[in-house]
Amino acid sequence: MPLLIKGGRVITATDDQRLDIYCEGETITRLEPDIDPAAVDPKTEIIDAAGKLVFPGFIDPHVHIHLPFMGTHARDDWASASRAALAGGTTTLIEMICPGPDDEPMTAFEDWRSRAEGTASVDFTFHMSVVRFDELAQRQLRQIVNDHGIASFKVFLAYKGALDLSDADLFACLSLAKELGVIVTAHCENAGAIDAMQAKLVSEGKTGPEFHEPSRPTCVEGDGVTHLATMAQLTGAHIYCVHTSCDEAVNAALAARRRGVNIWIEAVAPHLVLDKTYAELPEFEGAKYVMSPPLRDKSNQAFLWNQLRARAISTIGTDHAPFDFEAQKKALGRDAFPKIPNGIPSVQERIDLIHTHGVLSGRIDYQTFVDACSTQAARIFGLYPRKGTIRVGSDADLVVYDPNKKHTLAHKASHSNVDYNAFEGWEMTGKSEFVTVRGKIQARNGQFVGETGTGRLLKRKPTHF
Ligand code: URP
Ligand code: ZN
Ligand code: ZN
């Protein structure tokens, strides 16, 4: 059924205009100041968007859904994660494929893809983690890029022995990425330094979640960024630093950019609105707020927001990684913080958090909001202009947003399978009213109203030569 969104303020990364949007099939076919409802297909569904904002569907470039990690598994599947994403206005997810070091890349790719296909209700693609780099892995990585349209890798400079790569393999992986035109997303820390610091703190009896940040301070993250950037400079690979949490890491990336390294920077919602005092909460509550890189001193937030406003940081994702508080974080990490499964879920909350704490508090404007939460992810990861903007010919992924709607974040309203909400009780202003994926209404007022399994794998072409 065609869809007419009438009377809204259409906001893109560059514009803010009163326009009507007409969608037929899966795409936007008309974008005009005044489309007469009497002159379109009588079967057209009409959404009255007067007083509302209309955004391109938001893209989260960094989520974990199926995640075997730290001796356990993240709680979401594609059904729950899609519902959570849609309820919050996100229409495309990019999931990290995270195999173990003994797994074959192709087997992992097929596994992650089969979990999404037929279950996802948002469109999706993957970053392919490279955790081994022998001949077989290299051959399969080429196939994953060339035959399956996965145009980004992920590497970890952290989680020693589980996901990290040797320098020789990192160099070879970046060289392959350069050859294939694939961008390499990277978790940047110094894995060896973290191991040493964790052992030292635990031996001193410092075992609680409040010691997670001191075990991997900002210099450890800055060092990771510098190390990756050096390797990128040597190989010419294009790199994207995920979840940069602090001025030291961002400054290391900006210094590399000034040297000519092709480097992009991601921030994630938790670092922008939460600080390390949350990990210091008593009764082990702090474990809810253990992620890596850790929540930082609050002073870093102004710096991150300013770099977003300057568009030096390109994207805002979530790093959604849902581990239960009771059965996972507490049960596994009670005796020693290095065993607390790392991750803070926020795929449902991201857009309202950034609207409330970024736009309404004057830190970024609406264009930067759309750019960081949608357009840049599409551009960097080869989805633009199909995704990430509102123009004739683009997929009809749209969010009709009420910027004045007040609501309270709560676990009971969450669609994620996890047992807590890191933002419980937070007052928000702004909420998605209608969310469409390729012209179909998938969510309405925070409720899933669509069809499960309609999400599609987005094949991408390498662009980072
Ligand atoms: O704490 C985090 N970030 N957990 C998920 C895995 C990762 O490092 O992205
Ligand atoms: Zn990470
Ligand atoms: Zn992550």
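Where a number appears in this text, it was derived from the coordinates with a stated rule and is not lab data. Worth saying up front: this structure is predicted, and the values here are computed from it rather than measured. Counting neighbours? That spans all protein chains shown, and the Cβs are built from the backbone with ideal geometry, glycine included.
General observations
- Residues whose amide H comes within less than 5 Å of that of residue 243, counting only those at least five positions distant or on another chain, are 266 (H built at 1.01 Å from N in the peptide plane).
- Rounded to the nearest whole Hz, the Karplus-based 3J(HN,Hα) values (6.51 cos²θ - 1.76 cosθ + 1.60, θ = phi - 60°) of segment 392-406 follow the sequence 4, x, 6, 4, 7, 9, 9, 10, 8, 10, 8, x, 9, 5, 9, with x at glycine and proline.
- Normalised by the number of residues in segment 11-99, the average gap of Cα pairs under 8 Å and 6 or more apart makes the relative contact order 25 percent.
- Length-normalised contact order for the chain - Cα pairs under 8 Å, 6+ apart - percent: 23 percent
- Spatial separation of Cα centroids for segment 112-153 and segment 369-434, in angstrom: 25 Å
- Segment 259-306: C-alpha gyration tensor shape, a/c 1.5 cut-off, then a/b vs b/c: prolate
- Cα extents of the chain along the three principal axes, largest first (Å): 73, 49, 41
- With Cα atoms, 0 to 90° folded angle of helix 218-235 axis to the chain main axis: 80 degrees
- Filtered GluC sites (Glu not before Pro), segment 187-288: DSSP coil and at most 11 other beta carbons within 10 Å: 204, 283
- Rg/Rg_globular for segment 144-290, with Rg_globular taken as 2.2 N^0.38 Å and Rg from C-alpha atoms: 1.13
- nm² value of the averaged projected area, convex hull over the Cα atoms of segment 316-465: 11.5 nm²
- Amide H within-cut-off set for residue 123, under 5 Å, with H built and near neighbours excluded: 93, 456
- Think of each Lys and Arg Cβ as +1 and each Asp and Glu Cβ as -1; about the Cα centre, that makes the dipole of segment 159-215 roughly 20 debye.
- Helix 105-116 axis, angle to the chain major axis (alpha carbon atoms, nearest 10°): 40 degrees
- Dipole magnitude for the chain: about 700 debye, using +1 per Lys or Arg Cβ and -1 per Asp or Glu Cβ, origin at the Cα centre.
- Alpha carbon centroid spacing (whole Å) that separates segment 18-81 from segment 240-310: 28 Å
- Restricting segment 39-80 to trypsin sites (Lys or Arg not before Pro) that sit in a DSSP loop and have at most 12 other Cβ atoms within 10 Å of their own Cβ leaves 43.
- Here the calculated FRET efficiency for residue 255 and residue 234, from their Cβ-Cβ distance with R0 = 22 Å, stands at 0.90, rounded to the nearest 0.05.
- Residue 167-residue 135 FRET efficiency (beta carbon distance; Förster radius 22 Å; 0.05 resolution): 0.70
- Exposure proxy for 375, 226, 452: other Cβ atoms within 10 Å of each Cβ, ordered fewest to most, give 452, 226, 375.
- For segment 57-380, DSSP calls about 5 percent of its internal beta bridges antiparallel.
- Counting all C-alpha pairs of segment 34-145, share separated by more than 20 Å (%): 54 percent
- Working note: 222 nm ellipticity from helices only, DSSP H runs with n ≥ 4, each -39,500 (n - 2.57), summed and divided by the residues of the chain, gives -8000 deg cm²/dmol to the nearest 500.
- Charging the Cβ of each Asp and Glu at -1 and of each Lys and Arg at +1, and nothing else, the dipole of segment 345-465 about its Cα centre rounds to 640 debye.
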